[in-house]
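In what follows, a structure is listed as structure tokens, so that the remarks can point back to it.
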Amino acid sequence: MANIIKTHGFVLNTVPFKESSMFVSLLTKQNGKVKLVAKGVRRPKSRLCGALERFCLDEIIYYRRESKEIYTLSDAVVLQAYDAIRICPQRVNAAHVLCEFFDKTLPPEEPHTHAFSLLNNFLAALTQVHDEQIKSTTYAFLLRALPDAGIHPRIDSCVRCHVPITYNNKRVDFSIGAGGVVCERDFDDTVVFMHHDTLDVLDGIYKNRSVVMTDQTVADLARLLPDYLYYHLDGLSLNSLKHL
Ligand SMILES: [Zn+2]
């Protein structure tokens with residue numbers, strides 16, 4: 001029996017399918033990530049094509065059938081197109097970072113209300129920040145999204161032996177492989193140096209304080225985050241992150 005679902009969803013990604021159709025990956029409010037087929041949507045007169053731009057927020061209707069792995073999109077109406085982002089290529093690419101991350105990491109059809117509201121807040125922020133804040137805003141939201149993929153870095157104590165670490169302006173040793181800070185005894189060749197400010201930013205982000213990133217922190221995150229994702233998410237590489 002078919003189940004009719006009506007919900008809100010962000011378009012995470014689209015892939016052409018056959019001559020005129022498209023696979024659409026959406027992050028929905030109700031059912032987390034869903035993959036739908038939008039039939040005939042690449043024909044010139046399709047009424048749905050405008051609604052399937054990446055990071056559009058749509059009201060969608062689709063049919064769920066127990067017997068099928070991929071469901072059919074029946075209708076999509078744009079609720080928010082984020083035109084203020086679309087006029088700036090750098091912002092568009094930044095918006096793609098979180099879309100690509102969720103598209104590639106969230107398991108299908110599990111409710112992810114945190115991820116949904118995070119993407120909502122990220123896109124709202126991208127319409128407002130100054131040009132020079134686009135990178136730091138994107139890194140901040142990507143860090144907030146890591147727990148959604150189950151890869152929250154550990155920063156309160158040594159990730160290997162769990163002793164609390166006091167820094168007193170010492171350098172911060174962060175193990176990409178172990179997924180967190182390490183004490184002097186557990187230093188090994190997976191450890192990379194992180195600036196003190198960067199640790200403060202991570203701490204602020206995971207304790208829900210507002211954070212301000214220095215250039216040093218932005219540089220640290222640009223260096224560490226791609227390796228961290230690659231190591232902990234089966235070789236994940238975000239194309240949009242390379243062009244941020
Ligand atoms: Zn240790």
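Coordinate-derived values only; no laboratory data. As the structure is a prediction and not an experimental result, all values here were calculated from the model. Virtual Cβ from ideal backbone geometry, glycine too; neighbours counted across all protein chains shown.
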Completion exercise
Within the set ASN13, ASN31, ASN168, GNM on the chain using Cα springs under 10 Å gives the largest fluctuation to ASN168
Practice task
Return the distance in nm (one decimal) between the two label points of a simple spin-label model at GLU109 and GLN30, each offset 7 Å from Cα along Cα→Cβ.
Solution key: 1.4
Exercise for the section: May I have the convex hull volume per residue, in Å³, for the Cα set of region 108-189? Expected result: 147
Fill in the blank from the handout: Computed over region 1-110, the relative contact order (Cα-Cα under 8 Å, seq sep at least six) in percent reads 30
Problem - Relative contact order (percent, whole number), region 180-244, Cα cutoff 8 Å, 6+ residue spacing - result: 22
Problem - Signed unit charges on C-beta, dipole axis of the chain, positive-most listed residue SER175, SER117, LEU48 - result: LEU48
Practice task
Net charge near ILE61: determine it from the other residues with C-beta under 15 Å of the C-beta of ILE61, scoring Lys and Arg +1 and Asp and Glu -1.
Solution key: +3
Exercise for the section: Taking the Cα centre of region 15-82 as origin, sum charge times position over the Cβ atoms of Lys and Arg (+1) and Asp and Glu (-1), and report the length of that vector in debye to the nearest 20. Expected result: 180
Completion exercise
Using eta = 0.692 mPa s and T = 37 °C, Stokes-Einstein with Kirkwood Rh from Cα pairs puts D for region 2-134, in µm² s⁻¹, at 219
Handout entry: Label-reachable residues, region 193-215, where backbone N falls under 14 Å from a point 7 Å from CYS88's Cα toward its Cβ
Key = none
Problem - Set of aspartates and glutamates with alpha-carbon distance to LYS29 below 19 Å, sequence-local pairs under 8 removed - result: GLU53, ASP58, GLU59, ASP75, GLU100, ASP103, GLU109, GLU110, ASP148
Problem - Residue-averaged 222 nm ellipticity for the chain, from DSSP H runs of 4+ at -39500 (n - 2.57), nearest 500 - result: -10000 deg cm²/dmol
Fill in the blank from the handout: In a Gaussian network model of the chain with springs linking alpha carbons closer than 10 Å, the residue among PHE101, PHE55, PHE193 that fluctuates most is PHE193
Practice task
Using a cut-off of 15 Å between beta-carbons, work out the net charge of the residues near HIS96 (Lys and Arg +1, Asp and Glu -1, HIS96 not included).
Solution key: +3
Problem - Whole-Hz couplings from phi, Karplus 6.51/-1.76/1.60, listed for region 68-81; x for Gly and Pro - result: 10, 7, 10, 9, 9, 6, 9, 7, 8, 10, 5, 9, 8, 9
Practice task
Take the alpha carbon atoms of the chain, find their radius of gyration, then divide it by 2.2 N^0.38 Å using N residues; give the quotient.
Solution key: 1.12
Exercise for the section: Between the alpha-carbon centers of region 182-244 and region 6-34, tell me the distance in whole angstrom. Expected result: 30
Handout entry: Relative pair counts by distance (%), Cα atoms of region 124-244, 10 Å bins
Key = 12, 46, 34, 8, 1
Completion exercise
The relative contact order of the chain, taking Cα pairs under 8 Å that sit 6 or more residues apart, comes to a percentage of 15
Completion exercise
Expected vector for region 185-194, Karplus 3J(HN,Hα) from phi with 6.51, -1.76, 1.60 and θ = phi - 60°, integer Hz, x for Gly and Pro, equals 5, 9, 4, 8, 7, 8, 8, 10, 7, 10
Problem - Dipole in debye (nearest 20) - region 168-244, about Cα centre, beta carbon charges: Lys, Arg +1; Asp, Glu -1 - result: 220
